[in-house]
Amino acid sequence: MKEAIHKAYKFSNSWTGTIIIVLFIIFFIAQAFRIPSGSMKDSLLIGDHLFAKKFAYGISMPHIPFIEMSIMPWSDRLRLVDGDTPKRGDIVIFRYPGNTKQHFVKRCVALPEDELFISEKDLYLHHNEGDEWIKEHFKGFEIITFSGKLWVKNPYMKEHKGIHHDDKIINNGRYPMPLFYFSPIKVDKDNYFMMGDNRDHSNDSRFWGAVPYENIEGTPWFVYFSINDDWEIRWDRVGKTPTDLESDYHLDLAREERLKKDKDDHGIY
């Protein structure tokens, strides 16, 4: 036993062993990503460097880092083993259907067989579980009746405060229509509708369709480094999971609302 452990230790210290271990981790456990755009602001920020949990939704096909070459170049498969599937509200890392060498990160807003539409920027979702399930699970939400079904208006904004719209983006003909109006659709089987939290500045499923399950790579695990446009390290984000960051953001918003209320109550401006 001791001899086997010693051999394993020596192998892990060799160049070959180190490379195999690193590739195993990248392929199956965790991979580093950087947030390059503001499509998930204010949940994830430009300059956040995070590790993705690669095993969250099964095992995707391993690709060699940087060159994004599949370890099975003769196959176009993007998944090795099926596993759990994304839940509504999950932040998901996936391969962009239009270019599988490119990774996107968005929030899953609709599951297979869900129906949705957008009107005046607001997302309306009819969950595939049906009207009675919606009544039971969305008390306190605005629910409308359309086409003989119940639809929940903006079902994620209460829980995920980072989801927001840009008041400067108005329907004046200068911006893409899917930002404002999107005709009712039913999400296909094994597909997931993704949208950025920065709703008016996100290239997502409104423009190129739902994401097949096989394209899904994982979910953000935690931020290991974060830097802003002025090259200042955001230490308060380092080591935080998306849930932690969201909780911090909720507290910051509550603090701002209390300060605003105090100013209004005491005439301080």
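Bear in mind these aren't lab numbers, they're just calculated from the coordinates by the rules spelled out. Since this is a predicted model, take the numbers as computed values, not measurements. Glycine gets a Cβ as well: all are built from the backbone with ideal geometry, and neighbour counts include every protein chain shown.
To keep it simple, each residue is scored yes or no on (1) in contact with a helix residue (DSSP H, G or I) (Cβ under 7 Å, 6 or more places away or on another chain); (2) more than 23 Å from M61 (Cβ to Cβ); (3) surrounded by fewer than 16 Cβ atoms within 10 Å (Cβ to Cβ).
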{"position": "N171", "(1), (2), (3)": "no, yes, yes"}
{"position": "R174", "(1), (2), (3)": "no, yes, yes"}
{"position": "K186", "(1), (2), (3)": "no, yes, yes"}
{"position": "R199", "(1), (2), (3)": "no, yes, no"}
{"position": "S205", "(1), (2), (3)": "no, no, no"}
{"position": "W208", "(1), (2), (3)": "no, no, yes"}
{"position": "P212", "(1), (2), (3)": "no, no, no"}
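On the stretch given as the range 97-124, residues that are touching a helix residue (DSSP H, G or I) at 6+ places or on another chain (Cβ under 8 Å) and either within 24 Å of D76 (Cα to Cα) or without any contact (Cβ under 8 Å) to a residue 40 or more places away in the chain (or both) total 4.
Only one entry in I144, I233, I216 is out of contact with any Asp or Glu (no Cβ under 6 Å at 6 or more places or on another chain) and without any contact (Cβ under 8 Å) to a residue 12 or more places away in the chain, namely I233. For the range 147-164, the set of residues classified as in contact with a strand residue (DSSP E or B) (Cβ under 9 Å, 6 or more places away or on another chain) and either free of Cβ contacts under 8 Å to residues at least 40 places away in the same chain or over 24 Å from I91 (Cα atoms) (or both) consists of S147, K149, L150, W151, V152, K153, N154, M157, listed by residue number.
Just one of the numbered conditions (1) more than 24 Å from H160 (Cα to Cα); (2) out of contact with any His (no Cβ under 8 Å at 6 or more places or on another chain); (3) surrounded by 15 or more Cβ atoms within 10 Å (Cβ to Cβ) is not true of L23: (3). Considering the conditions (1) over 29 Å from D244 (Cα atoms); (2) assigned to a strand (DSSP E or B), Y124 is excluded by exactly one of them, (1).
Taking the range 174-203 as the range and being more than 12 Å from L123 (Cα to Cα), hydroxyl-bearing (S, T, Y) and in contact with a Ser or Thr (Cβ under 7 Å, 6 or more places away or on another chain) as the test, only S202 passes. Restricting the search to the range 142-159, which residues are assigned to a loop (DSSP other than H, G, I, E, B) and surrounded by 14 or more Cβ atoms within 10 Å (Cβ to Cβ)? Scanning the range 142-159 gives N154, P155, Y156, M157.
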